[in-house]
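Remarks on the structure that follows.
Only the coordinates and a few stated rules stand behind these numbers; no lab work does. Everything numeric in this text was worked out from a predicted model, so none of it was measured. So basically every Cβ, Gly included, is an ideal-geometry build from the backbone, and we count neighbours across all protein chains shown.
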Amino acid sequence: MFLRLSALFVSALLVLLPGQPTSGQPAYVLSDEAGLGRLFDGIGGLSGGGATSRLLVNYKEPYRSQILDYLFKPNFGASLHILKVEIGGDAQTTDGTEPSHMHYENDENFFRGYEWWLMKEAKKRNPNITLIGLPWAFPGWVGRGKNWPYDFPDVTAAYVVNWILGAKKYHNLDIQYVGIWNEKSFDATYIKLLRYTLDKSGLDRVRIVASDNLWEPIAQSLLLDPELSGAVDVIGAHYPGTKTVPQALKTQKKLWSSEDYSTFNDEVGGGCWARILNQNYVNGLMTSTISWNLVASYYEDLPFGRDGLMTAQEPWSGNYVVESPIWITAHSTQFALPGWTYLQTVGHLGRGGSYVALTDGKGNLTVVIETMTHDHSVCIRPPLPAFNVTSQNATFQLKGSFASIKELQVWRSQFNFETKKPSFFQKLAPVKLIDGSFTLNLAEDEVYTFTTIRAGQKGSHPAPPPSARFPKAYKDNFNIRNPPFSEAPNFADQTGVFEYYQNLTDPGPHVFTLRQVVTERPITWAADADQTISVIGDYQWENLTVTCDVFMETVKSGGVFVAVRVDKGGQSVRSTKGIFLWVFADGTYKVTADLAGQTVLAEGQSGTGAYSWYTLSITGKGQSVSVALEGRSLWNGTVNLKQNHGWVAIGTSSFQLAQFDNFAVLAE
């Protein structure tokens, strides 16, 4: 034990060399003598923008709480300062739909979905966490039949403010910031009316972020319109590539990268995150960076699989993975809090990389350094121009109120791409300063934190269970309710919203069911299908039997389906292929090879009607497929799809009420 610890201490000394600049390299000065920079607003994660936390709520304890600890618990893991959530709008917004608190104009329910629960869990761990809400889509009634929320700005503003009021009334959650409409055109009249409605509702403390898109034209509009400028507190840009524009700087508003990262969370993804966390301020004076997404807790074969700070996509096994972005986040979040201030003395290193420094104004100092190389820090967007990073010695000179600091705590992450043996968030021996100076040998692809703060910790929980495939035998009769959540476990709605339902008028076997409840096309963000669909299961399923009881509540054009080998979801849901068995209220059936119903494999009379229960089943084995209604064969045939595997799904032929019960899958 003594030898191992001694070796670690020597290793630390080899890279932390107190002293003066070497090789003629000038020192990087860290000082507050000329004043300070911008106020730090924190680092955050985004839940939603496409049902990205969908599977998290289905984890059993203690694993669910462990995941939440790694995300939110101070001085433990990512220790996030900000949680941004989607204000659900009943529409597809990247990897699924999130339910609205108002499906219909005369409807109000603040217990739908999981974002309320997630905000409360985050707040439980960090009472000071900042909460932000942003709409991606809106229920259809908000637009009065038009796919545009700004035609009726008073209705839209009231809808959004109602969500904020409900957060406080029903969950004691204070929403501090609210956005306009994710990555869509903004409307100045609407923004002003939203500000007026917030103030009139006693929510003058709630600040507005605009426009969660590009720096322009919102920055230019703020410069030209004083009333609009008075309504907006933060300019939020998405995927800015660490750069801002002169107009945004001229507004003197807070500048945020209000959605960033969106990158596969392997080590290159961690490198992307390390680079932009520093350089968003160094290059663009952005005082907050928010990751899309918070946690990759959705089926990986949906769009942008594993683009979260960590991975939690197997509630059935309990397995989760604490990925590198968690520990890269910790380099900043555990040693600087919102309200701290950046120094003006931040910048780029002579041979590549960057450094930022922050202070609490009470004598504490935190310095974060990154040396990520180009190919090891590529983000999904925007394109990354070429640059070079090479190993270097860097001397930092503390001046001003920091000149008397004698010792700094040290934390290091080394990606070690060549050896493929990374080391993240390792606590090293403190560095002793000589005349306020220390010299550091920086290799490529490293992150360092030097700080006066001693509270940092690399938190840990016992290892979770091993990874496992989705169960081959799976049943749900929807009788066992999970009261905080309106969705049934593991179903991932892609268009429409499927909620637990209690049929108080039916004393029979279908009292508790799963019901599709959206009856009007929402104001969309992505290309929703014309049909509603919810997927579940193992994307590799090929040979299986699925059965489900169905109940149509629309007489004239009602139709429902059960499907296997469903190959797409998310923003590609309109082009979904698979094997779909449809029955309709007019007494007919169809078997199609796509969700849109354009490739008909079989059709005929079924005798089905509205307001009666029917059992549908599909069996697929290789290219052979058979479908049945009430145990009676409807069709047997050969199907030659480009892809012979995929999820199981249920859904409806349009936006209509329908119920599902006794869902069961048996896969080989």
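Of all DSSP beta bridges confined to the chain, the antiparallel ones make up roughly 75%.
Taking every DSSP helix (H) stretch of at least 4 residues in the chain, weighting each as -39,500 (n - 2.57) and dividing the sum by the residue count yields a mean residue ellipticity at 222 nm of -5000 deg cm²/dmol.
Cα-Cα pairs above 32 Å in segment 473-667: how many percent?
Cα-Cα pairs of segment 473-667 separated by over 32 Å account for 7 percent.
Let's see if you can work this out: charge +1 on each Lys and Arg Cβ, -1 on each Asp and Glu Cβ, no other charges. What is the dipole magnitude of segment 473-667 about its Cα centre, in debye to the nearest 20? Write down the numbers at each step before the final one.
Values: 13 positive and 18 negative charges, 80 e Å.
Using only the charged Cβ atoms, the result is roughly 380 debye.
Descending by average beta-carbon neighbour count within 10 Å, the peptides 191-198, 607-614 line up as 191-198, 607-614, the highest first. Extension gain, Ser391 to Lys432: 0.36 nm times the residue separation minus the Cα-Cα distance gives 12.5 nm. Relative to its residue count, segment 387-482 spans a Cα convex hull of 257 Å³ per residue.
Straight-line reach from Lys362: taking Cα to Cα under 18 Å and skipping same-chain neighbours fewer than 8 places apart, the aspartates and glutamates in range are Asp32, Glu33, Asp41, Glu407. Value of Rg to Rh for segment 41-311, rounded to two decimals, is 0.94; Kirkwood radius and Rg both from alpha-carbon coordinates. In this structure, the pairs whose alpha-carbon distance is over 21 Å, taken from Lys123/Lys253; Lys146/Lys577; Lys243/Lys458; Lys73/Lys120; Lys184/Lys577; Lys192/Lys254, are Lys123/Lys253; Lys146/Lys577; Lys243/Lys458; Lys184/Lys577.
Roughly what % of DSSP beta bridges within segment 41-311 run antiparallel, to the nearest 5?
Details: 1 of 34 bridges.
Bridges in segment 41-311 that DSSP calls antiparallel: roughly 5 percent.
Could you state the orientation-averaged shadow area of the convex hull built on the Cα atoms of the chain, in nm² to one decimal?
Over all viewing directions, the chain projects a mean Cα-hull area of 31.1 nm².
Restricting the calculation to alpha carbons of segment 424-530 gives Rg and Dmax of 26.8, 82 angstrom.
When cysteine pairs in the chain are screened for C-beta atoms closer than 4.7 angstrom, the residues that find no partner are Cys548. Put in line by how crowded their Cβ is, counting other Cβ atoms within 10 Å and starting with the fewest, Arg412, Arg632, Arg381 read Arg632, Arg381, Arg412.
In what order do Cys272, Cys379 fall by count of nearby beta-carbon atoms within 10 Å, going from fewest to most? Please report the intermediate quantities before stating the final value.
Details: Cys272 26, Cys379 22.
Least crowded to most crowded, the residues run Cys379, Cys272.
For segment 395-444, the list of GluC sites (Glu not before Pro) that fall in a loop by DSSP and count at most 11 other C-beta atoms within 10 angstrom reads Glu418.
Order these by the 10 Å Cβ neighbour count, fewest first: Trp163, Trp273. Write out the running numbers ahead of the final one.
Numbers: Trp163 19, Trp273 28.
Listing Trp163, Trp273 from fewest to most nearby Cβ atoms yields Trp163, Trp273.
The residue among Gly270, Ser317, Asn58 whose Cα reaches farthest toward the positive pole of the charge dipole of the chain, with charges on the beta-carbon of Lys, Arg, Asp and Glu, is Gly270.
Diagonalise the Cα gyration tensor of segment 330-428 and give the resulting equivalent ellipsoid semi-axes, square root of 5 times each eigenvalue, largest first, whole Å. List each step's numbers first, then the result.
Numbers: eigenvalues 137, 52, 43 Å².
Over the Cα atoms of segment 330-428, the ellipsoid semi-axes are 26, 16, 15 Å.
Comparing Thr130, Trp340, Ser221 along the charge dipole axis of the chain, the residue lying farthest to the positive side is Trp340, per the Cβ-charge model. For segment 565-584, the residues whose amide N sits under 18 Å from a probe point set 7 Å from the Cα of Glu630 along the beta carbon direction are 582-584. Between the helical axis of 324-333 and the longest alpha-carbon principal axis of the chain there is an angle of about 50 degrees.
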